[in-house]
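Asks: Got a structure for you, questions after.
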Number of protein chains: 2
Amino acid sequence: MKPINDLVNPLLTDLYQLTMIYTYWKNGRAGDSAAFDLFFRKNPFGGEFAIFAGLGEVLCFVESFAFTDEQISYVRSLMPQSEPEFFQWLRKLDCSQLRIDAIREGTVVFPRVPLIRVEGPLCVAQIIETTLLNLVNYPTLVATNAARFRMAAGFDKVLLEFGLRRAQGPDGAISASRYCYMGGFDATSNVLAGRLFGIPVRGTHAHSFVLSYRGLSDLRERMIKDTTGHTVDFVEKVLHMRTTLGGNSNEEELAAFIAYAQAFPENFLALVDTYDTLSSGVPNFICVATVLKSLGYEPVGIRLDSGDLSYLSKRARRMFADSGEKTGYDISGCLITASNEIDEDVLMSLHKEGHEVDVFGIGTHLVTCSAQPALGAVYKLVEIDGEPRIKLTQDIEKVTIPGRKDAYRLYGSDGRAILDLLVQHGDAPPVTGKRVLCRHPFNALKRVYVTPAAVVPLYATVWESGRGPDEPVTLQKTRQYVLEQLNDIRADHLRLNNPTPYKVSLSDTLYGYVHDLWEKEATIAELG
Amino acid sequence: MKPINDLVNPLLTDLYQLTMIYTYWKNGRAGDSAAFDLFFRKNPFGGEFAIFAGLGEVLCFVESFAFTDEQISYVRSLMPQSEPEFFQWLRKLDCSQLRIDAIREGTVVFPRVPLIRVEGPLCVAQIIETTLLNLVNYPTLVATNAARFRMAAGFDKVLLEFGLRRAQGPDGAISASRYCYMGGFDATSNVLAGRLFGIPVRGTHAHSFVLSYRGLSDLRERMIKDTTGHTVDFVEKVLHMRTTLGGNSNEEELAAFIAYAQAFPENFLALVDTYDTLSSGVPNFICVATVLKSLGYEPVGIRLDSGDLSYLSKRARRMFADSGEKTGYDISGCLITASNEIDEDVLMSLHKEGHEVDVFGIGTHLVTCSAQPALGAVYKLVEIDGEPRIKLTQDIEKVTIPGRKDAYRLYGSDGRAILDLLVQHGDAPPVTGKRVLCRHPFNALKRVYVTPAAVVPLYATVWESGRGPDEPVTLQKTRQYVLEQLNDIRADHLRLNNPTPYKVSLSDTLYGYVHDLWEKEATIAELG
């Protein structure tokens, strides 16, 4: 499998990866055995969780990793003083000697638990750093954002991703569509994302469409076929319906709706706020939708793109219902879509005020993750030739947990996750029904005993001896897995505001090991 | 010319573009003559200007626009009820009948002045909307951000873009590197961006590199060649220098610096904050740099990636100077690079406190535009078959100025721009030395007379009869143009905080025309 985007190739990296591996190579250290952890330190959006995404694309990158001759000559031009043999060696470099373990894509994850562990020759494990971070950072961020929008909107709503025009670059948009779907959205407006990933694609028309009609004279066709195949004068019927309903709505808009209904009688959805939502858009929709209904079609609904969405959706719903009493056709089940600058706060306040929106179309705030546009995932060396490595820093939150580690999710008897436990790699896993001491990584006073009702190891080997999974996990399956977990993880951890922190813990042995290393390594400043 | 990214193709669009043009086609309106404006309504980042970017890529897209058979079948699967002839017609669609006028890429631009004007058959002009917005929105946003960072850092500093790992998708990163350079950065860490656009590429090493060295025993090579070609024992010389300087620095770090210097004696730049910046990193750098200097090389400098950048840079600069007195080698000109979570505020506060940083490496906040991660550029129908179109809205700021328009930049006798004036398309341009009334688009009381010392038309035709420019403008040339303007536009408009608004105005004729249309079109609500 190749990456979706041709730009994902070995040159999509920081120059310093190349200067570092040149130094290693020159120093005879290219093959030193190294272990790196890819993890993030802080949950995004002020929440207490993230959704891990991007692994599938990482594996495509690793599988296809190889420099071309043309790429080698470019690298050579950047490092003209380097020994020619290096470039011959670089030309043959691939990821076959790496072993990669990872958490399953789509898993609800927490800070400091490595998402991906990379082991193998120092040079190879190092050179993929930047690309892996790029392929995990934004996907994880936007999938998490999508899951949060899903929770804010409610599981009974339809969520559409509409971000293509505002996304950060063409691929910012393609990635957004892919990972928003993974995070729990239902469809996208992005046609290319639909084709590449099998995501359902949705869309209707824009204000410009409505504006392009200057009246009924722009309708060069008056007829429509009903569901039995009979041709009828659609324009006449709509105008008659408008009289029945006593409407005085904008005729330019009505013409646009008629044209759209003629083109998509089975899929009629109208944008109703071009002129005036309640005095024109909704009445025009009702005329056209009712006539379609009388011809055997099921009109879809309306889209609101401005104004007070709570008020307008409730009024529109009421107008749908009232119209049925006058016309004898029930269109009260038509859907109401809302789509104007929607973010988490808007969803929550709509929820509080009450609304009749069935479908949300969400763009800018979703895809650019405006509440926090970057996830700070990092890729850190934790072991070299079997020795743990640690970068000390004044900022305790930034300290890396050294050495190779395994991770387990411990579950309570209610089937909910209690905490994630990190242990030294190779140590015996925690055992179901057996009490285990779990320690906060930095605070000696924070300790809990957990007797897990179930223990689930978080890592699986996803790349070894040059081979990845036989069959990539489908996007649809990962999305399903995300949605299941949003119901499985304790609600107070997933809560959007003031969530309860989830305890990522160290085993007592790992805690002791790490703190001994810190004692040994940290210099003590001299004052006075 | 093709777009840089294969994902930029006719499917990179919202589905509603296809449903709209199907409706037009079915209605016999595919060839109606339409005019669209692409513009933004509000300057980003609380500023009073933006840098227009993305036009080159737009032209590549327009030039290569054509559906493949495979794309057509996918579209057909999304619109299964549509008439088969539509897809035959769609297969032949291209942009040859469009005419596109645009402001020069890299121009300092202001709200409501169309950046791109598209005229031609309704269907073609409509279907490119989403892709054009995607190709302009983020480039303009990030180029503007880069220009702001340039102004905040000062024109004498070197600015490096380091955002690849945190950017929104692979292409978010490639676009970021390209347009940050356009906006006034000097180089990028992104190797692929270097290859694609000829941007200078820069980089050294990471913390993991320093951590990977466990001591001098990891140095499998002790020697180095000096600039005359003589081989000397580098390790011995460095250790001797360390004694001379009385150092007690971390030996693991020293080993890493020695290895890097051996690999890049002409390009030695050390990351000095892995263990402790002032007690280890800087002293180790000084040892290695001084020995390199004694061997005839010019060491480059250090990089600070944590801590108080003002204090550390000043201390480091002083340590460079002091070392010269002990060693007899002057390394005081070595560069200090800083690179930790730098944003506009950090730059301004460094400026206030004083600092010795020569080079800034800027990532996350630059490329994700964290201060405002989306520009709301829109694409609006302004005319159809010669008739102006206007979308009315309660929100006056969102009103579109109808009809086709020309735009001129009026300059004062000091050579600085006074304002941009929009006139009806085809109207006589303002004349140098002749007083012209310039009106605020919405506020009848805001009027000024301007007697321009120079008048520059803002639009040029960039696409006509299926042809774009013979020679695309180089990125380097556009970057130069941006930098020149940052010195040319009045400083109070460009100021980062509380800038003076720049007056985008309408001619008296256009003002009257627009306001008559509003009077005619807007419904008046009935109260009581």
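Asks: How many percent of the alpha carbon pairs in the protein assembly as shown exceed a separation of 48 Å?
Replies: Values: 179572 of 557040 pairs.
Beyond 48 Å sits 32 percent of the P(r) for the protein assembly as shown.
Asks: How far is helix B:234-244 tilted, in degrees, relative to the longest principal axis of the Cα atoms in chain B, given as a value from 0 to 90 rounded to the nearest 10?
Replies: 80 degrees
Asks: Another question about this same structure. Evaluate peptide B:150-163: per residue, the Cβ atoms of other protein chains within 10 Å of its Cβ; return the mean as an integer.
Replies: Shielding by partners across B:150-163 averages 0.
Asks: To continue, here is another question. What percentages, rounded to whole numbers, describe P(r) for segment B:454-493 computed over all alpha carbon pairs with 10 Å bin width beginning at zero?
Replies: So the P(r) values, bin by bin, are 20, 39, 32, 8, 1.
Asks: Also, quick follow-up: Which whole-number percent of Cα pairs in segment A:1-122 have a distance greater than 27 Å?
Replies: Values: 2084 of 7381 pairs.
So the portion of pairs separated by more than 27 Å is 28 percent.
Asks: Shifting gears a bit: Determine the shape class of segment A:379-481: with a ≥ b ≥ c the square roots of the Cα gyration tensor eigenvalues, call it rounded for a/c under 1.5, and otherwise prolate if a/b is greater than b/c, oblate otherwise.
Replies: Values: a/c = 1.82, a/b = 1.08, b/c = 1.69.
Taking the square roots of the gyration eigenvalues as a ≥ b ≥ c, segment A:379-481 is oblate.
Asks: Roughly what would the spin-label model give for A:ILE396 and A:ARG76, points 7 Å off Cα along C-beta, in nm?
Replies: 5.3 nm
Asks: Using the Karplus curve 6.51 cos²θ - 1.76 cosθ + 1.60 with θ = phi - 60°, what ³J(HN,Hα) values do you get for each residue of segment A:346-356, in whole Hz, with x for Gly and Pro?
Replies: Listing the rounded values in order: 4, 4, 5, 6, 4, 4, 6, 7, x, 7, 10 Hz.
Asks: A further question on this structure: Counting only DSSP beta bridges with both residues in the protein assembly as shown, what percent are antiparallel, rounded to the nearest 5? Write down the numbers at each step before the final one.
Replies: Numbers: 92 of 132 bridges.
Of those bridges, close to 70 percent are antiparallel.
Asks: Something else now. When the distances between all Cα atoms of chain A are binned every 10 Å from zero, what whole-number percent does each bin get?
Replies: With a bin width of 10 Å, the distribution comes to 4, 16, 22, 20, 15, 11, 8, 4, 1, 0.
Asks: Excluding B:PHE39 itself, what net charge comes from residues whose Cβ is under 9 Å from its Cβ, given Lys and Arg +1 and Asp and Glu -1?
Replies: Values: positive: B:ARG41, B:ARG112, B:LYS380; negative: B:ASP37.
Local net charge: +2.
Asks: Let me ask something else. Can you list, shortest first and in nm, the gaps between the label point of A:LYS225 and those of its counterparts in the other copies, using a point 7 Å from Cα in the C-beta direction?
Replies: 8.1
Asks: What do you get for the angle between helix A:129-153 and the principal long axis of chain A? Use alpha-carbon atoms, 0 to 90 degrees, nearest ten.
Replies: Taking the Cα atoms of chain A, the angle to A:129-153 is about 40 degrees.
Asks: Here's something else I'd like to know. Alpha carbon centre of segment B:102-142 versus segment B:343-395: separation in Å?
Replies: One Cα centre to the other: 15 Å.
Asks: Give the Debye-formula value of log10 I(q)/I(0) at each listed q (0.13, 0.16 Å⁻¹), with one equal scatterer per alpha carbon of segment A:432-508, two decimals each.
Replies: Computed log10 I(q)/I(0) values: -0.68, -0.94.
Asks: Return B:PHE197, A:PHE110 ranked ascending by Cβ neighbour count within 10 Å, so the fewest neighbours appear first.
Replies: Working: B:PHE197 19, A:PHE110 23.
Ascending number of Cβ neighbours within 10 Å: B:PHE197, A:PHE110.
Asks: Hey, for B:GLY324 with labels 7 Å out along Cα-Cβ, what do the inter-copy distances come to in nm, ordered shortest first?
Replies: 8.7
Asks: Short version: what are the Cα gyration tensor semi-axes of segment B:146-367, square root of 5 times each eigenvalue, largest first, in whole Å?
Replies: Values: eigenvalues 191, 77, 46 Å².
Taking √(5λ) for each Cα gyration eigenvalue gives 31, 20, 15 Å.
Asks: Could you compute Rg(Cα) / (2.2 N^0.38 Å) for segment A:173-230, with N its residue count?
Replies: On the way: Rg = 17.5 Å, N = 58, 2.2 N^0.38 = 10.3 Å.
Compared with the compact-globule rule of thumb, segment A:173-230 sits at 1.70.
Asks: To the nearest 10 degrees, how steeply does helix B:15-26 sit against the main Cα axis of chain B, on a 0 to 90 scale?
Replies: Here the helix axis deviates by roughly 30 degrees.
Asks: Can you give the calculated 222 nm mean residue ellipticity of the protein assembly as shown, where each DSSP H run of n ≥ 4 adds -39,500 (n - 2.57) and the sum is split over every residue, rounded to the nearest 500 deg cm²/dmol? Please report the intermediate quantities before stating the final value.
Replies: Values: 36 runs with 396 residues, N = 1056.
Counting only the DSSP helices, I get -11500 deg cm²/dmol.
Asks: I need B:GLU57, A:GLU471 ordered by Cβ neighbour count within 10 Å, fewest first. Numbers along the way, then the final one.
Replies: Working: B:GLU57 27, A:GLU471 6.
So the ranking, lowest neighbour count to highest, is A:GLU471, B:GLU57.
Asks: Still on this structure, I have one more. What percent of all Cα-Cα pairs in segment A:206-333 falls in each 10 Å bin, counting up from 0?
Replies: Calculated P(r), rounded to whole percents: 14, 50, 32, 4, 0.
Asks: Here's another thing I want to ask about it. Put the label 7 Å from Cα along Cα→Cβ for B:ALA444; what are its distances to the other copies, in nanometres, shortest first?
Replies: Spelled out, the distances from B:ALA444's label point are 7.7 nm.
Asks: Pop out the ³J(HN,Hα) list for segment A:301-308 in order, Karplus 6.51 cos²θ - 1.76 cosθ + 1.60 with θ = phi - 60°, rounded to Hz; leave Gly and Pro as x.
Replies: x, 10, 10, 9, 10, 6, x, 7
Asks: What is the fewest-to-most order of A:ASP226, A:ASP516 by other Cβ atoms lying within 10 Å of their Cβ?
Replies: Numbers: A:ASP226 16, A:ASP516 10.
Fewest to most other Cβ atoms nearby, the residues stand as A:ASP516, A:ASP226.
Bear in mind these aren't lab numbers, they're just calculated from the coordinates by the rules spelled out. Keep in mind the model is a prediction, meaning the values are calculated, not measured. Heads up, the Cβs are rebuilt from the backbone with ideal geometry, glycines too, and the neighbour counts pull from every protein chain shown.
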